[in-house]
Structure formats: C-alpha cells, structure tokens
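Here the structure is laid out as structure tokens; the discussion comes afterwards.
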Amino acid sequence: MKNIATKDLNLVPFVSVDDMMKIILEIGVEKMLLGITEYLEDDFKRWELFDKTPRVASHSKEGVIELMPTSDGDVYGFKYVNGHPKNTKDGLQTVTAFGVLSDVNTGYPVLFTEMTILTALRTAATSAMAAKYLMPKGSSTMAMIGNGAQSEFQALAFKAICGINKLRLYDIDPQATDKCMKNLAGLGIDIVKCASEQSAVEGADIITTVTADKQCATILTDNMVGSGVHINAIGGDCPGKTELHKDILLRSEIFVEYPPQTRIEGEIQQLDDDYPVKELWQVMTGEIEGRTNDKQITLFDSVGFAIEDFSALRFIRDQLEATGQYQNLDMLADPDDPRDLFGMVLRAAKSEGVEE
Ligand code: NAD
C-alpha cells in the first residue's frame, strides 16, 4: 500500500481537529455520515477476515482508557479512546480519541488523525446502519434520551440513513436538550422537548439511549418499551455501565457487534454468558434474519468495535487527496543507511554545530 496522501513514506499525514472540521464542512455532515456508512457496510460484509479482539481497557475510578486494534491483512488500524462521564463538569469531553492506520507490509503508519469528532460520526453511522436493518418499516420518529456530545450526530445519521424526521428529546439536564435543539434547528427535523423518559418514548418507532454515567443506571424500564420498537442502546459500553432494565433485554431480540466484547461491556453483561444474541454483520450479509415481525422488539446493544473505527479511518484517508486537509508529520526516522540510525543523530549534531 502506498502512502496515499504524501507519496513520501517518511511523512505521515496528520488530520488535526481543525482539519477534521474543515473536511466535514467541505463534504457536509449528512454526506459524510452516508460515506462512512458505505465503508462500514463494506467492512461488516467482510467481517470474517478481520483480526478481532475485545478492546484493551484500563479502568480507573472515574473512567476508562481503551485501545482498539484490528487489521484486514493489508491495513492495520487502532484507536485510543477514553470515557470519563464526570469530565463535563470540569469543561472536558466525556470521550476523546485519536487513531492510526498502518501499512501491514512495512508496518509504517499512513494516517494519524483526531478521532473525537470522527468517533461521534462513526458511532452515529453504525447506529443508523443497524437500525436500517432492524427498525420497524415506515419508522419516522425517534426518542433520544441523553442529549450530550453524541446526540446531534445520532439525529443526523438517523435522518440521512433511516429517514427519521421527528425527534423526541429528553435529558436530565434541560440545558443539554436546549443545546441539541438549537444545533439541529433548521436541519429538517421536527423536535419535541420532553419532560421525562416516559414522555419521550411515547409514539417513538426507535428509542436511542445515549447517556453517560459510570454505573448500572436504569434509563428505560420495561413498562416504557412497547412492542415493535427498535432500541439503539449506545451509552452502556463498559463493565458496570448499563442503561436498560434487564427485563427489556429478556423481551428483545438482541443484536451485537462482537459478542466477546459486548458480553463484558454491553447491556448483555446483565445476562448469562451463553444467552443467545445475534451478530449484526450476519444480518447484513443475509446469513441470518434481522427483524422477523412487526411486534418484535429489536435491540442494538452497541458498545463500539474496532472495525467501525477502521472503516472511519479508511474513509478519512480516502478524503485527503481531494480535500488537502492534513499536515505532514515528520514521524519516522529516515537514515541514509537504515542500520545507521546513530549516524543520523551524529549528522544532526554536526549540522546544529553541537560539539561531541
Ligand atoms: P455526554 O456526557 O456529552 O452526554 C451524556 C448526556 O447524558 C448528558 O447530557 C447527561 O446530562 C445525560 N444523562 C446522564 N444521565 C442521564 C439520565 N439518567 N437520563 C437522561 N439523561 C442523562 O456524553 P456523550 O459523548 O454524548 O456520550 C454518551 C454515552 O455514549 C457515553 O456513555 C459514552 O461512553 C457512550 N458512547 C458509546 C459509543 C458506542 O460506540 N457505543 C461511542 C461513543 C460514546
């Protein structure tokens, strides 16, 4: 694989937060969500050839720091991501991330990028892609509980990919809902601010839970979930961090990304280790059925998996030439003789006029 953007193997294209925002503005948010979804569909349909492992998590009292690696045999990618629900109180993000793509043949990195914004885009695209396969026919209304950093991206992905044009919002912090409504104003979605979770889910075809709390919370109780809805549960993504009452799980057909990771981190950590769940990629390849009837409750128990970041990284890499939104990083040593790394240091000393 050649170095796509720079053609110079020793310079690594770096997409900063500023570059990422310019890429989004140039392409357009909804078009970008559709583009990432195409890459996700491609990768989910070749799921079996990827290296897969549950992410490597380092937990602390306030949060978690995780590494998420995968490879398709030609390209290797990983994301560094944190989750610290209390950060927002100090004016910091709950989730921040960066990622790398590398050429498997040489091991050289070919892309280094911010992934805080890109994670929000890929999470939203993955949610909407799953819903496209699982939601009831003719869905138009989504309830969204939790109106923080991910929420607008989720709303726009469901609009672009699933045709959702009505939103019912609820957050324990009304200011978060106001922010979400303001940001989505004029973007073609009818929005209702609701006073409770119960009121938000009324008449909704899809329920998205995207709250942040480092505990087993109960955002939805069983009585709130009517037959036939699709639940997109995003916020339960760590051991000891869930959003749904267990009884909802027992009434639902459960779809997951990668079972070995979801059993540790997802809503299904509340169930026995051998409780039957279905893998989304198999629905997408047609190997198994998704929704089978109008009455069924389908649940996408999302935790976020490395292949989704890999798809998003591939998408960004493919936008670099056209947008030019990157800088070249001098990340790799380039001695004249590959074995003379120390000679490179000596040459630098000479050119800097440093005496030995
Ligand atoms: P955020 O802190 O910006 O927003 C979370 C919102 O949830 C806040 O506005 C908060 O007031 C609200 N909230 C908390 N408890 C609530 C409750 N009981 N009822 C209603 N609202 C409540 O966080 P974010 O970046 O939007 O992330 C949201 C969640 O999604 C986090 O838990 C994060 O770890 C998770 N996440 C999952 C994935 C994935 O792939 N599944 C990806 C990214 C983030």
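The values are calculated or read from the model by the stated rules, or taken from the named source; none is laboratory data. Predicted model only: the values in this text are computed from it and were never measured. Here the Cβ is made from the backbone with ideal geometry for all residues, glycine too, and neighbour counts use every protein chain on show. These area figures cover heavy atoms from the full protein model, side chains too; ligands, DNA and RNA do not enter into them. Shrake-Rupley method; radii C 1.70, N 1.55, O 1.52, S 1.80 Å.
Antiparallel DSSP bridges in the chain: what percent, to the nearest 5?
50 percent
In terms of its C-alpha gyration tensor, segment 106-235 comes out prolate, because a/c is 1.5 or above and the ratio a/b outweighs b/c. Solvent-accessible surface of the chain, taken per residue with a 1.4 Å probe and all protein chains present: 45 Å². With a cut-off of 10 Å between beta carbons, the residues surrounding Ile161 carry a summed charge of +1, where Lys and Arg count +1 and Asp and Glu -1.
The length gained on full extension between Tyr108 and Lys295, counted as 0.36 nm times the residue separation minus their Cα-Cα distance, comes to 62.3 nm.
According to the Cα gyration tensor, what semi-axes, each the square root of 5 times an eigenvalue, does the equivalent ellipsoid of the chain have, listed from largest to smallest in whole Å? Provide the component values of the computation, followed by the final result.
Values: eigenvalues 304, 91, 78 Å².
That gives 39, 21, 20 Å for the three semi-axes.
In the chain, taking the dipole from charged Cβ atoms about the Cα centre, the farthest positive-side position among Pro259, Gly28, Ile65 is held by Gly28.
Electrostatic tally near Leu250: other residues with Cβ closer than 14 Å to its Cβ, Lys and Arg +1, Asp and Glu -1, net -4.
Over the C-alpha trace of segment 82-125, radius of gyration and Dmax come out as 13.9, 44 angstrom. First check a/c for segment 19-61, with a ≥ b ≥ c the square roots of the eigenvalues of its C-alpha gyration tensor; if it is under 1.5, answer rounded, and if not, answer prolate when a/b is larger than b/c or oblate otherwise. Note, shape of segment 19-61 comes out oblate. Between rounded, prolate and oblate, where does segment 247-314 land on the alpha carbon gyration tensor, with a ≥ b ≥ c its root eigenvalues, rounded for a/c under 1.5, else prolate if a/b exceeds b/c? Judged from the Cα gyration tensor, segment 247-314 comes out oblate (a/c at least 1.5, b/c at or above a/b).
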